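Values quoted throughout were computed directly from the atomic coordinates according to the rules given, and no laboratory measurement underlies them. Being a predicted model, the structure only gives us computed values, none of them experimental. Every residue, glycine among them, receives a Cβ derived from its backbone with ideal geometry; neighbour counts consider all protein chains shown.
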Amino acid sequence: MKCPLYWVDAFTRTRFRGNPAAVVIANRGLDAGLMQAIARENNLAETAFVVADEHRWAIRWFTPTVEVDLCGHATLASAFALYQHGLVTSESIEFTSASGPLHVTRARDRLALDFPARQASICPGVMQSVAEALGCMPAETHTAQATMVVFTSEDEVRSLKPDMEKVARIPTYGVVATAPGKQADFVSRFFAPRVGVPEDPVTGSTHCTLVPYWSARLGKAELYAQQLSDRGGELWCEDRGHRVAIAGNCALYLTGEIEV
């Protein structure tokens, strides 16, 4: 069976920036082992697999080493690929996923994710291990699906030089470092060596935790965010209580077919 494959740079208007994701569109569900092998072959932070499910689309996400339960940039890229392939013409796409129903809507020149909010709880017990892993003492440490560490300045986040072996020993799937931004409401970086992604270029799913935190801290619902990886990316976010909106652009890099 041949499946279309799209390589899309997400959360950027420009190729070679943002976060690259592979999107495989299949006409039937694929075996999990096969999907993992394809993701390993693609060797990107995430490969998304999309299959028609009546009037919705089923989606699963794989890093080169594991399946994950939520991925923002690869969902954004999947919606972009479905529009590019002419499989969707409506203003909204519904995905079924391990994290429940997810929606992507057209928002002017961007696509907007509607994702579950993931509130973090203060967790000072990991502060010392995080400081040793990142080489800098944070002002606050919180835990949700990932460990969130808050610094006082953008420059601190930008200059982090993490020891990936030590980061991998922190008992969550990754560490997101964040601070107030100079030109953005907040900035972040995300490290996830435990799941095969040393530094993720732009991470939609971490904003499920970052947005509620910064919305409460800054007293505003609409937020502009930047991720400070080498490739960089930008996200327009909104706190909606139990949900968050995360919008961005996409740039198409490659289209092709794979044999499965």
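Tabulated results
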quantity: Most mobile listed residue (107, 22, 120) in the chain, GNM with C-alpha springs under 10 Å; calculated: 107
quantity: Cα-centre dipole for the stretch 116-260 with unit charges at Cβ (Lys and Arg positive, Asp and Glu negative), debye to 20; calculated: 360 debye
quantity: Spatially proximal lysines relative to residue 182 (Cα-Cα < 20 Å; intrachain offsets below 8 disregarded); calculated: 220
quantity: Cα-based equivalent ellipsoid, the chain: semi-axes from gyration tensor eigenvalues, Å; calculated: 30, 20, 16
quantity: Calculated SAXS-style log₁₀ I(q)/I(0) at q = 0.10, 0.18 Å⁻¹ - the stretch 121-239, Debye, Cα scatterers; calculated: -0.25, -0.85
quantity: Largest to smallest principal axis extent of the C-alpha atoms in the stretch 27-151, angstrom; calculated: 50, 35, 23
quantity: Nearby lysines by direct alpha-carbon distance to residue 166 (threshold 24 angstrom, same-chain neighbours under 8 apart not counted); calculated: none
quantity: Computed [θ] at 222 nm, helices only, for the chain once each DSSP H run of length n ≥ 4 contributes -39500 (n - 2.57); calculated: -6000 deg cm²/dmol
quantity: Longest site-free stretch - the chain; sites: trypsin sites (Lys or Arg not before Pro), DSSP loop, at most 15 other Cβ within 10 Å; calculated: 29-107
quantity: The stretch 71-135: radius of gyration over Cα atoms, expressed as a fraction of 2.2 N^0.38 Å; calculated: 1.62
quantity: Inter-site label distance for residue 28 and residue 216 at 7 Å from Cα along Cβ, in nm; calculated: 4.8 nm
quantity: Order of 259, 91, 132 under a 10 Å beta carbon neighbour criterion, fewest first; calculated: 259, 91, 132
quantity: GNM flexibility winner over the chain from 234, 165, 154 (Cα, springs under 10 Å); calculated: 165
